[in-house]
Amino acid sequence: MKARVHAIAGALGLLMILTFWLSTLLSEIFGSAETVATVKGAVLWGMFILIPAMVIVGASGTSLGKTRSGALVSAKKKRMPFIAANGLLILVPMAFILENKAAAGAFDTLFYLLQGIELIAGATNLTLMGLNMRDGIRLRGKAQLGASAKVTASEILAENTLALHLTKPADFSHRPGQWLRLTLPTTGESRILSIVSAPHEPVLTLATRISDSTFKRALMKLSAGAELGITQASGHFTLQEDVSRPAVFIAGGIGITPFMSMIRTAAKTASVQKIILFYANRTASSAAFLSELQDLANTNPSFDLVATLTAPKDDTTAGTGETGKVDHEMLMRHLPDLAAPIYYCVGPTAMVRATRQTLLAAGICEADMVFETFTGY
């Protein structure tokens, strides 16, 4: 919902600035002094819509950015201060000054100088906001060209967790940690799902929690041979290239999915990078891929698993070794140097937010944290 509000407010702001800019330019070229004055008055009144829209864009973008990372998110964050400063320091004051001068018929050298500054500032914000909208579309995966894949098998991995195995198109490639958009051709409904399988695997594997949504019910009914629409892989939740630093993965529930591709790839390539996974689930029966992860921890010396249960059903931990949430004390028990690793976290919004606060309180630099939220549907 927050992402939708952000997108709508951003589109409204972009459309209004474009309208202001074009009407100003056209009235100056083709209109009379009365037309210019009318346009200036309309632009001033339009500010009462534009300013709240831009406040919503800034507030929602800041909120979304707290739990997201990657090159596209970083680029959007860097543009926002310039957009805000340009609007508050140039466009808003110019709207008042130019409307006042136009109403008084003062079309002098100063008027046209200020008019030129306003047009340049408007064009700058149009460019920056257009780039932000483009990157927002890319983040949602809707700018990708689609392909199709057939279901080869489906299985229940754990309590309320479904895995889908799909054929991999010949031109499909992905980096461990990326996602794709899956579409049901029958209804056109689509959702973003992380890719579980590693790039070297011959099939595409996706996993999702089961719920009572129409999309999930449709997935449950799919049989082998069913055809689904998929996009090319996207997303920037991927491992950094510096293998000399340990990587700490913190996953909650179905947030394990992007990490599975990374961990399988590390095992296949015999990566020397140390990976420590903290994997939190309510119960052992709801922990997808737990047996595979335990096997990988036993066979791969560069991979350690710390599985924890937050609501165990009995006194045992089913081999997980820990109970409770991943907190500062748990990190301290398993990490010799908290400042050494780069931290990666995926899970529900509340968990990601809490993890970020835990890491900040532990003195971890924000540049050493990579987040991705899973909101469910």
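The values are calculated or read from the model by the stated rules, or taken from the named source; none is laboratory data. This one's a predicted model, so the numbers in the text were calculated from it and none came from an experiment. Cβ atoms come from the backbone with ideal geometry, glycine included; neighbour counts cover every protein chain shown.
Go through (1) on the phi > 0 side of the Ramachandran plot; (2) in contact with a helix residue (DSSP H, G or I) (Cβ under 6 Å, 6 or more places away or on another chain) and name the single condition G188 misses.
(2)
So which residues in region 353-364 are under 13 Å from K325 (Cβ atoms), touching a helix residue (DSSP H, G or I) at 6+ places or on another chain (Cβ under 9 Å) and surrounded by 22 or more Cβ atoms within 10 Å (Cβ to Cβ)?
Those that are under 13 Å from K325 (Cβ atoms), touching a helix residue (DSSP H, G or I) at 6+ places or on another chain (Cβ under 9 Å) and surrounded by 22 or more Cβ atoms within 10 Å (Cβ to Cβ): none in region 353-364.
Under 6 Å between Cβ atoms, at least 6 apart or on separate chains: pull out the pairs that start in region 351-377 with a residue that is closer than 19 Å to R245 by Cβ and aromatic (F, W, Y) and end on any residue that is modelled with pLDDT under 90 and in a helix (DSSP H, G or I).
Final answer for the pair search is F371/V352.
Assuming T310 fulfils every condition listed in (1) of a type in the set (S, T, N, Q); (2) in contact (Cβ under 8 Å) with a residue 60 or more places away in the chain; (3) over 18 Å from F237 (Cβ atoms) apart from one, which condition is it?
(2)
In region 6-49, which residues are β-branched (V, I, T), surrounded by 15 or more Cβ atoms within 10 Å (Cβ to Cβ) and under 26 Å from L131 (Cβ atoms)?
Of everything in region 6-49, those that are β-branched (V, I, T), surrounded by 15 or more Cβ atoms within 10 Å (Cβ to Cβ) and under 26 Å from L131 (Cβ atoms) turn out to be I17, T24, V43.
How many of the residues making up region 114-123 are touching a residue at least 40 places away in the same chain (Cβ under 8 Å) and either in contact with a strand residue (DSSP E or B) (Cβ under 6 Å, 6 or more places away or on another chain) or not aliphatic (A, V, I, L, M) (or both)?
Count: 3.
Restricting attention to region 147-173, and to residues there that are touching a Lys or Arg at 6+ places or on another chain (Cβ under 8 Å) and of a type in the set (S, T, N, Q), which single residue is modelled with the lowest pLDDT?
N160
Can you pull out every residue in region 236-255 that is over 12 Å from G177 (Cβ atoms) and not in a loop (DSSP other than H, G, I, E, B)?
V248, I250, G252, G253, I254
Quick check on region 192-210: of everything there that is of a type outside the set (V, I, T) and exposed (fewer than 15 other Cβ atoms within 10 Å of the Cβ), which residue is farthest from T265 (Cα to Cα)?
Among those that are of a type outside the set (V, I, T) and exposed (fewer than 15 other Cβ atoms within 10 Å of the Cβ), it is P202.
If L91 meets every condition in (1) closer than 26 Å to P258 by Cβ; (2) hydrophobic (A, V, I, L, M, F, W, C); (3) buried (at least 20 other Cβ atoms within 10 Å of the Cβ) apart from one, which number is that one?
So the condition that L91 fails would be (1).
With region 6-122 as the region, which helices (runs of 4 or more DSSP H) entirely inside it contain at least 3 residues that are closer than 29 Å to P348 by Cα, at pLDDT 85 or above and of a type outside the set (D, E)?
33-65, 71-86
Inside region 267-292, can you point out the residues that are outside any loop (DSSP other than H, G, I, E, B) and crowded, with 21+ Cβ neighbours inside 10 Å?
Passing the criteria: I275, L277, F278, Y279, A280, N281, L290.
Return the residue satisfying two criteria in turn: it lies in region 174-198 and is among the hydroxyl-bearing types (S, T, Y) and under 15 Å from P258 (Cα atoms), and of such residues it is modelled with the lowest pLDDT.
Restricting to residues being among the hydroxyl-bearing types (S, T, Y) and under 15 Å from P258 (Cα atoms), the top hit is S194.
Is it fair to say F237 is within 20 Å of the chain's Cα centre (by Cα) and either touching a residue at least 60 places away in the same chain (Cβ under 8 Å) or surrounded by fewer than 17 Cβ atoms within 10 Å (Cβ to Cβ) (or both)?
In short, yes.
For the subset of region 305-324 comprising residues that are of a type in the set (D, E, K, R) and surrounded by fewer than 17 Cβ atoms within 10 Å (Cβ to Cβ), which member is modelled with the highest pLDDT?
My answer is K313.
Exactly one condition in (1) crowded, with 21+ Cβ neighbours inside 10 Å; (2) more than 16 Å from S148 (Cα to Cα); (3) not assigned by TED's automatic domain parsing to the domain that holds L296 is false for S261; which is it?
(3)
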